[in-house]
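Only one structure is covered here, and it is reproduced in the block below.
The values are calculated or read from the model by the stated rules, or taken from the named source; none is laboratory data. Predicted model only: the values in this text are computed from it and were never measured. No Cβ is skipped: glycine too gets one built from the backbone with ideal geometry, and neighbour counts run over all protein chains shown.
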Amino acid sequence: MKYFIIIIFTFIQFTTDAQSTKPTVHKPSAEVEKILIQTMYDFSNAWGKSDTITLARLLSSEYRHSDIFGKIQHKKEWLAFASIKREVTDLKISDIEILIYPSDIAAITGSMYYLFGPEKIKQALRFTQLLRNYNGQWKRIIFQATLIKE
């Protein structure tokens with residue numbers, strides 16, 4: 001009986017410890033960070049060129065987009081918007097912070113600056129986006145942008 005109680009107590013302690021362990025959030029390795037930043041640039045440049053083939057490849061099926069005006073679009077709606085020809089030059093992404101969460105989700109915040117249209121109107125955005133690793137390929141699942149007024 002004594003051994004049975006010790007075994008039960010050990011089992012309860014083990015399962016309690018296992019349930020209380022929280023998944024850790026961490027910064028990406030240098031290699032993963034480089035891949036994520038390149039993916040952001042590939043995505044942004046494809047948007048600037050209205051390259052919906054590349055954009056569709058870099059979006060998850062459940063993609064949600066919240067634009068600077070507060071409008072939320074799903075993948076199909078956003079790709080239709082992205083297909084409109086635009087002129088974007090001098091794209092710069094800065095102030096990047098990346099955290100990796102369980103289930104291979106990357107939370108990325110930063111700022112984006114570019115010149116828009118033939119008039120070269122300066123635009124600046126603060127963004128938050130989530131990317132998820134699907135079998136080795138990072139795809140954007142959520143994007144939210146806020147216009148930075150100069």
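Figures for the structure shown
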quantity	calculated
Long-range neighbours under 9 Å by Cβ, at least six apart or interchain, first residue closer than 15 Å to Lys75 by Cβ within the range 45-56, second acidic (Asp, Glu)	Thr54/Asp42
Those residues of the range 46-88 which are within 20 Å of Tyr134 (Cα to Cα) and basic (Lys, Arg), in sequence order	Arg57, Arg64, Lys75, Lys76
Pair list, Cβ < 9 Å and 6+ apart or interchain, from the range 99-126 residues that are closer than 20 Å to Trp47 by Cβ and among the polar types (S, T, N, Q) to residues that are modelled with pLDDT under 95 and not in a strand (DSSP E or B)	Ser111/Ile148; Gln123/Ile68; Gln123/Ile148
Complete set of residues in the range 62-79 that are part of a strand (DSSP E or B) and either touching a Cys at 6+ places or on another chain (Cβ under 9 Å) or not aliphatic (A, V, I, L, M) (or both)	Glu62, Tyr63, Arg64, His65, Ser66, Gln73, His74
Search result, residues across the range 50-86 that are at pLDDT 95 or above, of a type in the set (Lys, Arg) and under 22 Å from Ser111 (Cβ atoms)	Arg64
Failed condition for Lys75, given (1) buried (at least 17 other Cβ atoms within 10 Å of the Cβ); (2) among the basic types (Lys, Arg); (3) farther than 30 Å from His26 by Cα	(3)
Looking only at the range 46-81, and only at residues there that are in contact with a strand residue (DSSP E or B) (Cβ under 8 Å, 6 or more places away or on another chain) and hydroxyl-bearing (Ser, Thr, Tyr), the one that is farthest from Phe127 (Cα to Cα)	Ser60
Failed item, numbered, when Leu91 is tested on (1) in contact with a helix residue (DSSP H, G or I) (Cβ under 7 Å, 6 or more places away or on another chain); (2) modelled with pLDDT of 95 or more	(2)
